[in-house]
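See structure below.
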Amino acid sequence: QVHLVESGGGLVQAGGSLRLSCAASGSIFGVMGWYRQATGEQRELVATTTIGGTTTYADSVRGRFTISRDNAKNTVYLQMTTLKPEDTAVYYCNAKSFGGAANYWGKGTLVTVSS
């Protein structure tokens with residue numbers, strides 16, 4: 001049984017910060033990351049990290065967001081700073097098996113950034 005639970009979303013003013021957490025259980029994952037989906041928009045990749053700690057970022061968040069992973073706790077984090085209204089979205093945790101055959105999603109946490 002695989003279970004991903006996000007937390008940390010909320011309402012912040014532009015320029016503020018939030019930290020999202022995703023606690024995983026049921027497996028060990030080769031890649032974990034965050035995606036987001038704004039109302040009426042496609043879901044887009046925000047950041048990913050491998051079990052070895054290598055990271056990728058969307059251009060829109062590079063330099064503002066930091067993804068990290070605690071393998072012992074099987075938890076991935078997204079530290080978001082200098083938030084902009086365009087960051088407003090539901091943020092989803094994602095985890096992939098080592099072979100990539102299985103792909104899991106959390107239920108999402110809402111981040112709202114006011115002007």
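The values are calculated or read from the model by the stated rules, or taken from the named source; none is laboratory data. Source: prediction; values computed, not measured. Please note: Cβ atoms are built from the backbone with ideal geometry, for glycine as well, and neighbour counts cover all protein chains shown. Calculation scope for accessible area: heavy atoms of the full protein, side chains included, ligands and nucleic acids excluded. Shrake-Rupley method; radii C 1.70, N 1.55, O 1.52, S 1.80 Å.
Laid out as a table, the results:
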| quantity | calculated |
| --- | --- |
| Proximal aspartates and glutamates relative to K107, as straight alpha-carbon distance under 13 Å, when same-chain residues fewer than 8 apart are discounted | E6 |
| ³J(HN,Hα), Karplus 6.51/-1.76/1.60, whole Hz, each residue of segment 44-50, x for Gly, Pro | 10, 6, 9, 6, 9, 9, 8 |
| Segment 1-51: GluC sites (Glu not before Pro) in DSSP coil with no more than 15 other Cβ atoms inside 10 Å | E41 |
| Relative contact order (%) - criterion: Cα under 8 Å, at least six apart; region: the chain | 36 |
| For segment 58-115, accessible area per residue (1.4 Å probe, heavy atoms of protein chains only), Å² | 51 |
| 5 angstrom amide H check on G10, placed H, neighbours 5+ away | V111, T112 |
| Inter-label distance for D59 and Q79, nm, one decimal - labels placed 7 Å from Cα along Cα-to-Cβ | 2.6 |
| Label-to-label distance, nm, for residues given as E86 and A23 (7 Å Cα→Cβ offset) | 3.5 |
| Share of carbon and sulfur in the accessible heavy-atom surface of segment 1-62 [1.4 Å probe, %] | 48 |
| FRET efficiency, 1/(1 + (r/R0)^6) with R0 25 Å, evaluated for L11 and D70 via beta carbons | 0.40 |
| Built amide H within the under 5 Å cut-off of R19, gap 5+ | M80 |
